[in-house]
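Below is one structure, written out as structure tokens, with a few remarks after it.
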Amino acid sequence: MSSEFALNDYEQEVRVGDKDVQLNGILGLPPNPLGVIVFAHGSGSGRFSPRNNYVARVLQQASLGTLLIDLLSETEASDRGNVFDIALLAERCRTAKTWLATQPKCRTLPVGYFGASTGAGAALVAAAEDPENIFAVVSRGGRPDLAGESLDSVKAPTLLLVGGHDGVVITLNENAFNKLHCTKELKIIPRATHLFEEPGTLEQVAELASAWFSKQIGTGTKTGANN
């Protein structure tokens, strides 16, 4: 556990996967969660990402469970090629989804993806290739263009959030947005750069993501945690 990171009352450390792969994760389940959001981190990041943990805790306040995992083992992460292997990262997103279905408190809950940077491409590929029970996707400063031809097959409502000062990434998101045929929105956060380090910008991301997931999940799915 990072010396700078502390779990809150909803969170616990978990090992995600099966006999073939085991990934370190942090599962956060507020009372009566409506669903669970799997976080797909960007290159060089993982379950301790301060930005994604901030967003996760805002989602928890909206009665959404969160699962932050290291998509790569330490050995895999040492190979820089794996960091940009979208197919591998998408497979790990699906591994997380499959694992959630084995957990008594999560197995009946719908799943969403929150992807950052390269993780957004992986999340969209995962949503396209295994759409069952995926209710929404949100991309933060993401590279949805890395999903390639999979963009055409995404069915889950998708929100793309991009910083207004993120240069070419804005164009990449606009091009990817045009290839999506699902319910979709593209929002530009004024004054924000790629990491949303400017005051108030990450808060906007968290609020917009929370509103998107809450809207798309609908009503009548408040099951699982107390069953």
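The values are calculated or read from the model by the stated rules, or taken from the named source; none is laboratory data. Computed from a predicted model, the values in this text were never measured in an experiment. Every residue, glycine as well, gets a Cβ built from its backbone with ideal geometry; the counts of neighbours run over all protein chains shown. Ligands, DNA and RNA are excluded from the accessible area calculation, which covers all protein heavy atoms including side chains. Shrake-Rupley method; radii C 1.70, N 1.55, O 1.52, S 1.80 Å.
Ranked from largest to smallest solvent-accessible area, with a 1.4 Å probe on the protein heavy atoms, 95, 66, 102 come out as 102, 95, 66. For segment 1-66, with all protein chains present and a 1.4 Å probe, just round the carbon and sulfur fraction of the accessible area to a whole percent. It is 43 percent, rounded to a whole number. With the simple model of a label 7 Å out from the Cα in the direction of the Cβ, residue 88 to residue 179 spans 2.2 nm. Each Lys and Arg contributes +1 and each Asp and Glu -1, all at the Cβ; summed about the Cα centre of the chain, the dipole is approximately 600 debye. Residues whose amide H comes within less than 5 Å of that of residue 136, counting only those at least five positions distant or on another chain, are 113 (H built at 1.01 Å from N in the peptide plane).
The apolar share of the surface of segment 98-184, taken as the fraction of accessible area on carbon and sulfur atoms (1.4 Å probe, ligands and nucleic acids excluded), comes to 48 percent.
Of the options (i) 7, 21, 22, 22, 18, 7, 2, 0; (ii) 8, 34, 40, 17, 2; (iii) 9, 37, 40, 14, 1, only one is P(r) over Cα pairs in 10 Å bins from 0, in percent as computed from these coordinates, and that is (iii).
Can you give the accessible area per residue of segment 66-140, in Å², using a 1.4 Å probe?
On the way: 2730 Å² over 75 residues.
I get 36 Å² per residue for this part.
Could you order 41, 194, 181 so the one with the most accessible surface comes first? Probe is 1.4 Å. Walk me through the numbers before you get to the answer.
Details: 41 5, 194 60, 181 130 Å².
Solvent-accessible surface, decreasing: 181, 194, 41.
Near the amide H of residue 23, within less than 5 Å, lie the amide hydrogens of 16, 17, all on another chain or at least 5 residues away, with H placed in the peptide plane.
Restriction of the GluC sites (Glu not before Pro) in segment 76-162 to DSSP coil positions whose beta-carbon has at most 10 other beta-carbons within 10 angstrom yields 132.
What are the GluC sites (Glu not before Pro) within segment 1-58 that DSSP puts in a loop, where the Cβ has at most 12 other Cβ atoms within 10 Å? Intermediate values should be presented prior to the final figure.
On the way: sites: 4, 11, 13; in loops: 4.
Hits after loop and neighbour filter: 4.
Across segment 176-209, the residues whose backbone nitrogen lies under 13 Å from the label position 7 Å along the beta-carbon direction of residue 155 are 182-183. Other residues with beta-carbon under 14 Å from the beta-carbon of residue 132 carry, at +1 per Lys or Arg and -1 per Asp or Glu, a net charge of +2.
Using Cα pairs closer than 8 Å and at least 6 residues apart in sequence, work out the relative contact order for segment 82-227, in percent. Could you put the intermediate results ahead of the total?
Details: 281 pairs, mean separation 32.1, N = 146.
For segment 82-227, the relative contact order is 22 percent.
With the whole protein complex present, residue 155 retains an accessible surface near 140 Å², based on a 1.4 Å probe.
For the pair residue 98 and residue 7 in one chain, pulling the backbone fully straight at 0.36 nm per residue adds 30.4 nm over the alpha carbon distance. Secondary structure note: in the chain, about 30% of the DSSP beta bridges are antiparallel.
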